Every structure is written in structure tokens, then in C-alpha cells.
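*Asks:* One structure coming up, written as C-alpha cells, with questions to follow.
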Amino acid sequence: MISLSGAGMAFGTQVLFENVSWRLQPGGHYGLVGANGTGKSTLLRIIAGELPAESGIVSRPNGLSIGTLGQDHFSFDAERPLDVVIGGRPSLHGALEEKAALLSRLGDQNPNEAEGLRLAELEAIIADQDGYTAEARAATLLTGLGLEEGRHVNPMRELSGGYRLRVLLARTLFSEPQLLLLDEPTNHLDIDSIRWMEGYLRAFAGPFVIVSHDRHFLNAVCNRIADLDYQELTLYHGNYDQFMTAKVEAVERKEAEISRTEEKIAETERFIERFRAKATKARQAQSRKKQLEKIEMPEIKRTLRRFPGFVFQQRRPSGREVLTVKNLSKAFDGHPVLAGVGFTLNRGDKMAVVGPNGIGKSTLLKIIQGELPADGGETVPGYEMHAGYMAQDHHEVLKGRTTVYQWLQGQAPSETIGTIRGTLGRVLFSGDEADKAIGNLSGGESARLLLAGLMLRRDNLLILDEPTNHLDLEGREALMKALCDFEGSVMFVSHDRHFVSLVANRVLALTHEGVEDWPGRYEDYLAAKGEDFLTGEGASRKNGRPAKGEIPEPPAARERGQPSGGYQHRKAKKRSAAKRKRRVERLEQEVARLEGELAAMAARFAADGYYDNTAWEEVAREQKAQQETKARMETAMADWERAAAELDGVGEDAADAASGGTP
């Protein structure tokens, strides 16, 4: 398999990475992560052989087939998607085309000897590569990636950019490579397609390297993480969450090592200062001084990950009822998308709008914002409601030669130059980056700029359509924190399960059976309903029909429209409260256990003669164990506080549920 030894890359004076050594292991499902600009895509191109490394050695076995995701969206405008996918295996595609052309030229005539021999050769090539099932296999890939069967034979020019990317991804998968290298493969995929992609990659026999900003996706498909940071590559076993835990622990160990070294230096300096003037100790003091000169201070490199400083404030609060939607309906070309949608958004609500792809989530946001007219019903803004909107397609707003600075100033003309510049700095536009044309911004830069505009507007209602699209993992974490801290109201659509779980305190589920307004977090909704629209578990149900291979529910279990105070709702709340209580009790026991361990460690360190009678290596080992126990203690304490707060939050509802009252 491919191996890199001492590989390095720089553009001008900017070093991306250096001394990278990496051997791709069979069965290694790698997630390549790092901040924007650290060289992830460049490293993928080096591995693929599309770009030479400036230093080091890259070894590839002869005949190794590598699958990469092409970006040449417009190279196949006149071709059918089926043919583009089959083209992922050029010899098979060529044989099929040549055979079709030869038979078309012959018509009803019998082939001559040369033509007959050539047909026999083509048949052998096609049979050897299972060519007679090629169209069926290509169609399966396209359908799995969300391209409807009826569009498989239409010209590629009729597809949007997002669907063209899906065809190119299917082409890569059809080639059945020994190694897959995919840069942001889930971009432009819907829920069902991402879920299908997760299943495909988990079953993929060979190694793959994937660059992705989707935390849930990385957790679902990766068993190793390659972290590109500090201009070097570090490998971790496990998924993304396990990598993050290990990386934090590594930094903490390095900090503890620095602390111990600083303490040793200080102790040595005190000895030298105390005894260097005494003749009887001068020789020892000189010896200690030489030891001091040899001590090397451990270094903690500064991470290249940058977190935007998103902060949302409201100029003035809205009334208690922020927005009322009454019996809203919308259809396109006679096809109903929304019907009978109604709810009231209250101050402080962080409402996640979820549902299967194509159900009308973005359409609902656009109608509320006034971007689209409704066919029926109405939206009634509450007292002093002021809404800010972030569209899913950034190019609807950011186009032309206007600079980043000029665009942001246009969002808040009354703000000072210092405020505009400061806000740009908070969202990682510094120096000359403020003079970039907005039409030339990357996806991540566009998202950060749009969010900066909302920061300056200070609206009390934020309407966000897929706000995490194109944001890197650091940007997503920063946005989650900012929205959780925001004192106003939020209504948003997102396919990011982690993001929805942490931000939303209310769920509006648009389903084929109707609208479900759930007053609680997404995890509570899942506990009660079991339909996970963010991993596709419930997204494949259409019009009440179960997905293939799924056991149908009895009709009564699929009834919708029950009032939120119904029996099933109260029963779900009781289960949720009991589950939370058990978790709090488990965490209390864990905290007590760790407190006991720390007390025993402290007593050992305080014992007379401990440091005189214990080898330094043993002291270091026990201090490291103490630091690790402290870290586990802090984590358990934080988990307990969070769980206790959540239990308090459902306590009143659980009491109502137990007594049969309405929550």
C-alpha cells in the first residue's frame, strides 16, 4: 500500500506540512482532519499522484488503482449519467461503446472474419468485467446517492451542480478502486444519500482517506484519524470523538511535563543560589548549574486550528410570542409541498425544523422570511420581532466584485470602521482578506461572512438554512456555542445531528403524515418517536410505507396528530425522566469513586519521606496518574451538572405525566 516518508509541501514561504511519514494500512478507514488551509486537499493529491511532494519519498505499488472524486462537473454535459458512471471503468466502457457501434454499423449483415474476431474480443472483455450487469450496478449507485431513476438517462447538462457531483462520486465508486481518496464526499448529499454512503464505506474492504467537516459522518465511518496540525501529521486510532479525547489528553500530559520541569528548574536554581557562596557546597552548586544548562523545556506547539468568535446579540427583545404561523400551504407545479403547517414560536425557542429530504423545510423558512409567497395561510410576526436570514445557497446573496469589507459595511451602515474591522477579525478575515471580492470566496469564507452580517444586525430572531454547510469543525463548534448563548430565538434547518442535538430546545418535524411540534430536545423527540431524520433512520419512510427490509409498524403505531398531552406523550416523558434520573445517580457514584481515589493519592504524596524514599520515575508515574484522575473527575463532574440540570428541566413535565395532567 502507499507510504510516505518525510514528505513535505510549501507554497512560497508558507509551509503546509513537513516530515510527514504515513503508511496506509489495509482496512484503514482514515479521516484526514485539520484546520482550513493546513493542506488536507494538497496531501490527498500527493497520495493520489496528482501532485509531487517538495521533499520526502512517496511509494506506490505498481498497478494500484486509486479512486478520487473528480471536480470536472461540465466534462460530460451531453452524456447520460449511466454512461458517465460506467466510464469509471474505461476498458469496460470502451468495449461496450465499440460493440454497440460495430453492431449498429453491421445492421442486419453478418460480420466478416475480422469483425467477428473483434466482436469475440469485445465480448470477452465485457464478460470478464461483468459488463452485462454494468447498467444495473451503475443505476444502484446513482439511486443510492439520491438520483431518481427517471433522470439516469437524461443528459448531464440537465442536472444541477450538486447532482453532477453525485454522478461523479458514483463514477468513482463504480471503478471499484483498491484505495479511495475522497475530499468532502457528503457535500450536496441529502440525508438518505449520506446514510447510504456511510453503509457503503463501512463495508469497503480496502483503505480510504476522507476529508470531511461532518463530525457524525467521521464517527460513523472512520476507525483512524490523521490529524494535520502544527505542520505535521499525527495518527490516532478510533473515530473522531475518540481522537479529540486523546488529543486533549496529550496536551494535558505535555502541560504536566512542563510544570514538572519548571518545578525541577526552580528547585535547582534555589539550591545554586543558596550554596554557591559556601566553600563546602560550591562544587555541588557548580554541578547543579551544569545540570540546569542541560535541561530542555518541553514545547507545546501552537495549534493551527482557529475558532471564529461568533457572538449574536439582540438590539431589543421581542414580545413573548415571536411568530405565529397559521395553516400554511405551498405547492410547486401542482405538487403540494407544505399543507396545514401551524405553530407559534416563543421567545427563547431554538427550533430545529427536521424531516425527510424534499419535505419543504427550506421552503418553510423562505416563506417565513418573505422570500417566497405562500399559497394559503399566513405568518404573523410578534411584537418587535426583527428577523435575520441566512440562505442555504450563499451565492444568492454573495456575488459580484464587492469586497468583503464593503459588503459587511452595507449590512450595518451606521457602524464605525473599527466595529466593521473588529467583526471581520472575529470571523477570521484579517488584513488584506477584507479586500477579497465576495464572488471569489470559498464556501467556508462565505458562511463566516454571512454570519458576521447577522452579528452586526442584532436581530432577535435568526432564521438559518443549513448554517453549518461549508464550515469546518472549529466553525461548527463556535457557531453551536454562539447560538446556545444567544438570548433571542432561532429557527433553523440542519442535517448535522451533533449540531441539532446541542442547539435545539424544540423540534418541528415535517413528515408525510403531517406536522409534529415537539416541545423538547431532539434526543427526547427520538426517544418518543424513533424517527431519526438526521441519520436517515426515519427518512426513508414515504407516505407511511416502511423502507425496504424494515418491519412495518402496526397501523395504530403510525397514527399522527395526537395532541402533545396524549397518553403516548406522557408515557414518553415518564421514560425520559426515569432515564435521566438513573444517569444522574450513576454519575454521582462515579464522582464519589474518583474523589476517593484522589484523596488516597493526596494522602500518599503528603506522607513523611515520600519524595525521599520514592524513585523519581515512580513519582512521575503517580503524578501522571493523579492528573489523569483529576481530568476524569472534572469530566464526570461536568456531566453530572449537565445531567442534573436536564433532570430538573423535565421534572415538572414528568410530575404532570405521572399524574396524567397536561404538560
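The values are calculated or read from the model by the stated rules, or taken from the named source; none is laboratory data. All values reported here derive from a predicted model rather than from experimental measurement. Here the Cβ is made from the backbone with ideal geometry for all residues, glycine too, and neighbour counts use every protein chain on show. Please note that ligands, DNA and RNA were not included when accessible areas were found on the heavy atoms of the full protein model with its side chains. Shrake-Rupley method; radii C 1.70, N 1.55, O 1.52, S 1.80 Å.
*Asks:* Go through segment 136-165 and give me each residue that's outside any helix (DSSP H, G or I) and either of a type outside the set (A, V, I, L, M, F, W, C) or touching a strand residue (DSSP E or B) at 6+ places or on another chain (Cβ under 7 Å) (or both).
*Replies:* Across segment 136-165, the qualifying residues are Gly146, Glu148, His152, Asn154, Pro155, Ser160.
*Asks:* How many residues does segment 382-414 contain that are part of a loop (DSSP other than H, G, I, E, B), out of contact with any Leu (no Cβ under 7 Å at 6 or more places or on another chain) and of a type in the set (Val, Ile, Thr)?
*Replies:* Within segment 382-414, residues that are part of a loop (DSSP other than H, G, I, E, B), out of contact with any Leu (no Cβ under 7 Å at 6 or more places or on another chain) and of a type in the set (Val, Ile, Thr) number 1.
*Asks:* Moving on to the next point. Out of all the residues in segment 36-57, is one or more polar (S, T, N, Q), in contact with a Phe, Trp or Tyr (Cβ under 9 Å, 6 or more places away or on another chain) and within 27 Å of Gly444 (Cα to Cα)?
*Replies:* Yes, there is a match, as at least one residue in segment 36-57 is polar (S, T, N, Q), in contact with a Phe, Trp or Tyr (Cβ under 9 Å, 6 or more places away or on another chain) and within 27 Å of Gly444 (Cα to Cα).
*Asks:* Sort through Val20, Val33 and tell me the only one that's touching a His at 6+ places or on another chain (Cβ under 9 Å) and at pLDDT 90 or above. Explain how you work it out, then say what you get.
*Replies:* Details: Val20 fails: touching a His at 6+ places or on another chain (Cβ under 9 Å).
When all the criteria are applied, what remains is Val33.
*Asks:* Of all the residues that make up segment 387-421, how many are on the phi > 0 side of the Ramachandran plot and β-branched (Val, Ile, Thr)?
*Replies:* First, pick out the residues of segment 387-421 that are on the phi > 0 side of the Ramachandran plot: 400.
Adding the requirement that they be β-branched (Val, Ile, Thr) leaves none.
Selection size over segment 387-421: 0.
*Asks:* State the number of residues belonging to segment 207-247 that are open to solvent by 40 Å² or more (accessible area, probe 1.4 Å), among the hydrophobic types (A, V, I, L, M, F, W, C) and in a strand (DSSP E or B).
*Replies:* The number of residues fulfilling the criteria is 1.
*Asks:* Strands (runs of 3 or more DSSP E) wholly in segment 1-48 with at least 2 residues that are open to solvent by 20 Å² or more (accessible area, probe 1.4 Å) - which ones?
*Replies:* Values: elements: 3-11, 14-23, 29-33.
Qualifying strands (runs of 3 or more DSSP E): 3-11, 14-23.
*Asks:* Could you please find all residues in segment 348-367 being open to solvent by 20 Å² or more (accessible area, probe 1.4 Å) and more than 17 Å from Phe332 (Cβ to Cβ)?
*Replies:* Of everything in segment 348-367, those that are open to solvent by 20 Å² or more (accessible area, probe 1.4 Å) and more than 17 Å from Phe332 (Cβ to Cβ) turn out to be Gly348, Asp349.
*Asks:* Here's something else I'd like to know. Hey, among the residues in segment 49-87 that are hydrophobic (A, V, I, L, M, F, W, C) and either in contact with a strand residue (DSSP E or B) (Cβ under 7 Å, 6 or more places away or on another chain) or assigned to a strand (DSSP E or B) (or both), which one's farthest from Arg164 (Cα to Cα)? Outline the logic, then answer.
*Replies:* In the first step, residues of segment 49-87 are kept if they are hydrophobic (A, V, I, L, M, F, W, C); the result is 51, 53, 57-58, 64, 66, 69, 74, 76, 78, 82, 84-86.
If we keep only those that are either in contact with a strand residue (DSSP E or B) (Cβ under 7 Å, 6 or more places away or on another chain) or assigned to a strand (DSSP E or B) (or both) too, we end up with 53, 57-58, 64, 66, 69.
On the way: Ala53: 30, Ile57: 35, Val58: 32, Leu64: 27, Ile66: 21, Leu69: 11 Å.
Across segment 49-87, the extreme among qualifying residues is Ile57.
*Asks:* Scan segment 149-194 for residues that are open to solvent by 20 Å² or more (accessible area, probe 1.4 Å) and at pLDDT below 80 and report the count.
*Replies:* 5
*Asks:* A further question on this structure: Just name the residue that is modelled with the lowest pLDDT out of those in segment 314-341 that are in contact with a helix residue (DSSP H, G or I) (Cβ under 9 Å, 6 or more places away or on another chain) and surrounded by 15 or more Cβ atoms within 10 Å (Cβ to Cβ).
*Replies:* So the residue we want is Val337.
*Asks:* Whether any residue in segment 96-103 is under 25 Å from Leu69 (Cα atoms) and not acidic (Asp, Glu) is what I want to check.
*Replies:* Among the residues of segment 96-103, at least one is under 25 Å from Leu69 (Cα atoms) and not acidic (Asp, Glu), which makes the answer yes.
*Asks:* Quick test for you: out of Leu454, Leu464, Leu441, Leu510, pick the one residue that is closer than 29 Å to Val341 by Cα, of a type outside the set (Lys, Arg) and at pLDDT below 95. Steps first, please.
*Replies:* On the way: Leu454 fails: at pLDDT below 95; Leu464 fails: at pLDDT below 95; Leu441 fails: closer than 29 Å to Val341 by Cα.
Every option except Leu510 fails the conditions.
*Asks:* Out of the residues in segment 132-143 meeting the condition of being open to solvent by less than 60 Å² (accessible area, probe 1.4 Å) and among the small types (Gly, Ala, Ser), tell me which one is farthest from Tyr163 (Cα to Cα).
*Replies:* So the residue we want is Ala134.
*Asks:* Being touching a helix residue (DSSP H, G or I) at 6+ places or on another chain (Cβ under 9 Å), assigned to a strand (DSSP E or B) and more than 25 Å from Gly162 (Cβ to Cβ) narrows it down to one of Thr379, Thr344, so name that one.
*Replies:* When all the criteria are applied, what remains is Thr379.
*Asks:* Also, quick follow-up: Go through (1) of a type in the set (A, V, I, L, M, F, W, C); (2) within 16 Å of Gly67 (Cα to Cα); (3) in a loop (DSSP other than H, G, I, E, B) and name the single condition Leu189 misses.
*Replies:* Going through the list (1) of a type in the set (A, V, I, L, M, F, W, C); (2) within 16 Å of Gly67 (Cα to Cα); (3) in a loop (DSSP other than H, G, I, E, B), Leu189 breaks only (2).
*Asks:* For segment 113-131, does any single residue satisfy the condition of being at pLDDT 90 or above, buried (at least 18 other Cβ atoms within 10 Å of the Cβ), small (Gly, Ala, Ser) and in a helix (DSSP H, G or I)?
*Replies:* Among the residues of segment 113-131, not one is at pLDDT 90 or above, buried (at least 18 other Cβ atoms within 10 Å of the Cβ), small (Gly, Ala, Ser) and in a helix (DSSP H, G or I), which makes the answer no.
*Asks:* Just give me the residues in segment 415-442 being closer than 26 Å to Gln369 by Cα and in a helix (DSSP H, G or I), in sequence order.
*Replies:* Once the filter is applied, which keeps residues that are closer than 26 Å to Gln369 by Cα and in a helix (DSSP H, G or I), segment 415-442 yields Ile420, Thr423, Leu424, Ile438, Gly439.
*Asks:* Would you please name the residue that is least open to solvent (accessible area, probe 1.4 Å), looking only at residues in segment 513-530 that are part of a loop (DSSP other than H, G, I, E, B) and over 24 Å from His213 (Cα atoms)?
*Replies:* Only one residue tops the list, namely Gly520.
Table: residues versus (1) open to solvent by 10 Å² or more (accessible area, probe 1.4 Å); (2) without any contact (Cβ under 8 Å) to a residue 12 or more places away in the chain; (3) among the charged types (D, E, K, R).
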| position | (1), (2), (3) |
| --- | --- |
| Ala447 | no, no, no |
| Asn460 | no, no, no |
| Asn469 | yes, no, no |
| Arg476 | yes, no, yes |
| Cys484 | yes, no, no |
| Gly488 | no, no, no |
| Phe492 | no, no, no |
| Phe499 | no, no, no |
| Thr511 | yes, no, no |
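*Asks:* Identify the residue in segment 382-421 that is acidic (Asp, Glu) and under 26 Å from the mean Cα position of the chain (by Cα) and, among all such residues, is surrounded by the fewest Cβ atoms within 10 Å (Cβ to Cβ).
*Replies:* Glu396
*Asks:* Another one. Please specify each residue of segment 481-495 satisfying the condition of being closer than 17 Å to Val353 by Cβ and in a helix (DSSP H, G or I).
*Replies:* Residue satisfying the conditions is Leu483 alone.
*Asks:* Further question: Report yes if Met351 is outside any helix (DSSP H, G or I), at pLDDT 95 or above and among the aliphatic types (A, V, I, L, M), otherwise no.
*Replies:* yes
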